[in-house]
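J.: Handing you this structure, nothing more for now.
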Amino acid sequence: MAGDQRHMQIGEVAERTGLSLRTIRYYGEVGLAAPSTRSPGGFRLYTEADVERLLLIKRMKPLDFSLEEMADLLQIMDALAEPGPEVGQGKRARLRERLAMYEDAAEARCAALREQLEIAEDFAARLREAGQTTPRERSWKEKSRR
């Protein structure tokens with residue numbers, strides 16, 4: 001263990017993130033979130049920063065971002081997090097523009113999910129309502145709605 005950075009094995013990371021071992025390994029294989037290091041025995045070891053990265057990926061998933069989009073977004077965020085002159089002002093401005101595009105896409109996808117949720121909640125309410133009335137009462141209610 002280097003310095004004072006605590007390392008976690010994949011099982012603990014899975015518990016902390018709610019992701020399966022297989023998913024965590026897959027994200028490492030495709031380059032989204034590789035473990036920081038490996039133990040002498042070859043076990044994957046993760047840091048708190050790795051856990052945060054996996055949680056960020058987990059938050060992207062319901063918004064239906066592709067692996068390529070996730071990788072691009074993570075690269076943008078990594079570059080913007082770089083301190084100092086490694087990332088020039090012009091490049092930083094372009095990265096912020098790209099980040100703003102992802103922000104707009106995330107907002108649009110959230111709005112679509114909210115709309116789908118509203119439809120699903122309406123459906124669930126109708127099912128509850130149907131379960132509380134007899135067929136005769138349902139027939140009467142349907143006629144009165146027309």
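J.: At 0.36 nm per residue, minus the direct Cα-Cα distance, what do Leu67 and Ala120 gain on full extension? Give it in nm, one decimal, please. Write out the running numbers ahead of the final one.
T.: On the way: separation 53, 0.36 × 53 = 19.08 nm, distance 2.74 nm.
Contour length minus the Cα-Cα distance gives 16.3 nm.
J.: Could you work out which residue, out of Ala81, Ala34, Ala105, moves most in a Gaussian network model of the chain, that is, has the largest mean-square fluctuation with Cα springs under 10 Å?
T.: Ala81
J.: From the Cα gyration tensor of the chain, with a ≥ b ≥ c the square roots of its eigenvalues, which class applies: rounded if a/c is under 1.5, or else prolate if a/b is larger than b/c, or else oblate?
T.: Oblate, because a/c is 1.5 or more while a/b does not exceed b/c.
J.: Relative contact order for the chain: what is it in percent, counting Cα pairs under 8 Å that are at least 6 residues apart?
T.: Contact order relative to length: 15 percent.
J.: Per the helix-only calculation at 222 nm, which mean residue ellipticity applies to the chain, given -39500 (n - 2.57) for every DSSP H run of n ≥ 4 and division by its residues, nearest 500 deg cm²/dmol?
T.: -22500 deg cm²/dmol
J.: Sticking with this one: Under 5 Å between amide H atoms, partner at least 5 residues away or on a different chain: which partners does Phe65 have, H built in plane at 1.01 Å?
T.: Hits under the 5 Å cutoff: none.
J.: Separate question: Please compute one quarter of the surface area of the Cα convex hull for the range 1-58 and express it in square nanometres. Each step should come with its number before you reach the end.
T.: Details: hull surface 14.7 nm².
The directionally averaged projection comes out at 3.7 nm².
Each reported figure results from applying straightforward, stated rules to the coordinates on display, with no laboratory input. Given the structure is predicted, the values throughout are model-derived calculations rather than measurements.
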